[in-house]
Amino acid sequence: MAPRSPVLESLLAPQSEPGYGTPGRSAWLDVDWDAHRQRATVDGSSMEYVDIGSGPAMVFVHGLGACWQTWLENLPHFARSHRCIALDLPGFGASGPVDGEISVERFARNVKDLLAHLEIDRCVLLGNSMGGFIALETAIRYPALVDRLVLVSAAVLWQEYRHAKPLVVFAQVTESTLGRAIVGSEPALIRRPKLRAAALGFGGIRFPHLLSPELQCEILLTARRTDAFLPALKALASYSLRDELEAVACPTLIVWGTEDSLVGVRHAIELEELIPDARKSLYERSGHVVMLERPERFNREVEAFAAEDASDLVGPATVL
C-alpha cells in the first residue's frame, strides 16, 4: 500500500492520542525568551542563540529548515538543572547568512566555536535530524567537548539511500517556489488549523493537529527562512560518517519515532549497531520530532541519561 500524503493523514488522523503533545498550558509560553536571546559572531556569521538556566551545559542543535524553537517543549524543563544553549545555525532562524560554503564539517565547527566563545568546555549535546548529523560530527571531531550525545531521528545515514539524490534534485526545482509560497501564505497558515497541520505534516510530525495551536504557529513562523535550505541539503546528501561512527567516544542515546516518514526507524537500528556505547529508545505512533511530539517522556529519559542514571531509561527493545 502506498504511503498516505501528509494532507490526507491530517484529515484522517485521530482526535486524541495518549501521551502525545503537552496537556494543559506549556511551560515555554510563560518564559520571557527575549531576556535569554543572545548573539555572537562565529566564523564570520552572526549567530543567535538562547542561553537559559545554570549548571552543567546542554546544547541543542536543530534540523534542516528549523531553528532553536524546535526545542521549546524541552528547554524550560532542562533549564531547571542545566545551562541550556539552543542555537540557530548560520543561515537558519534569526542567525545571519553563512559567509562562504555550507558543509557538515563547518556547522560542527560553528558549534565548537560558539561553545568556546561561551567558555563551555564540556556538554551534553542534542541534535535532531540534520542537527543529529552535526552533533555526531562534533562528537567525532571534538571528543573532549561532548560528554554525552542524544540523537533524535538523526539524518546520519540518510544520504546512503536511493531517495537522497532525487530529493536534492526535486528540492532544486521546488525549493525557492515552495519556500516563497509558504512564507507568502503565512497569514492563512496561522488562521486555518487544517493548513497548519498539513504544513507540519510535511515536516514529519505524526499528529500535528494534536500539538497546541501556539506551538504549531511558533514552529511555522520561526522556520520560514529558505536561503540555507538547499545548500545544507546538498551537504547532507554528499557527506558520509558511516566509517567513522566507531570513533564516537561518549555514551549515546538514540531516540526515534517508529513512524518517522522522513528518516525511517531502520536508521536507529543501524546507528545503535555502529556506535560503540549506544542504546536506542523507540517511540510508537510518533514521527520525526519526538521531543515536541512526546515531550514528557523525552524530557524524563534525557534527564536520566544526562544524570548517568540508566535505571530510568526505556530498554532498547521497548516502545511506548
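The values are calculated or read from the model by the stated rules, or taken from the named source; none is laboratory data. This one's a predicted model, so the numbers in the text were calculated from it and none came from an experiment. Don't worry about glycine lacking a Cβ; one is built from the backbone with ideal geometry, like all the others, and counts go over all protein chains shown.
If the condition is being of a type in the set (D, E, K, R), at pLDDT below 90 and assigned to a helix (DSSP H, G or I), then the range 220-249 contributes only Lys234. Of all residue pairs spaced 6 or more apart or on separate chains, those with beta-carbon atoms under 6 Å, a first member in the range 231-259 that is under 19 Å from Arg300 (Cα atoms) and a second member that is assigned to a helix (DSSP H, G or I) and of a type in the set (D, E, K, R) are Ile254/Glu272.
The selection criterion, being surrounded by fewer than 18 Cβ atoms within 10 Å (Cβ to Cβ), touching a helix residue (DSSP H, G or I) at 6+ places or on another chain (Cβ under 8 Å) and under 20 Å from Ala197 (Cα atoms), holds for Leu221.
Screening the range 68-167 for helices (runs of 4 or more DSSP H) wholly inside it with 2 or more residues that are among the β-branched types (Val, Ile, Thr) returns the ranges 104-117, 130-141.
Filtering the range 24-67 to residues that are over 24 Å from Gly132 (Cβ atoms) and of a type in the set (Ser, Thr, Tyr) leaves Thr41, Ser46, Ser54.
Here is a yes/no grid of residues against (1) more than 21 Å from the chain's Cα centre (by Cα); (2) modelled with pLDDT of 90 or more:
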site	(1), (2)
Pro3	yes, no
Leu8	yes, no
Ser26	no, yes
Asp32	yes, yes
Thr41	yes, yes
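Residues in the range 92-126 that are buried (at least 20 other Cβ atoms within 10 Å of the Cβ), β-branched (Val, Ile, Thr) and within 27 Å of Leu253 (Cβ to Cβ): Val104, Val111, Val124.
Checking each residue of the range 270-283 against the condition of being closer than 30 Å to Leu29 by Cβ and part of a helix (DSSP H, G or I) gives no match.
With respect to (1) assigned to a loop (DSSP other than H, G, I, E, B); (2) closer than 25 Å to Leu220 by Cβ; (3) touching a Lys or Arg at 6+ places or on another chain (Cβ under 8 Å), the lone exception for Trp256 is condition (1). For the range 244-278, the set of residues classified as in contact with a Gly (Cβ under 8 Å, 6 or more places away or on another chain) and either on the phi > 0 side of the Ramachandran plot or charged (D, E, K, R) (or both) consists of Glu259, Asp260, listed by residue number. Scanning the range 56-91 for residues that are of a type in the set (Gly, Ala, Ser), free of Cβ contacts under 8 Å to residues at least 40 places away in the same chain and crowded, with 22+ Cβ neighbours inside 10 Å yields a single hit, Ala86.
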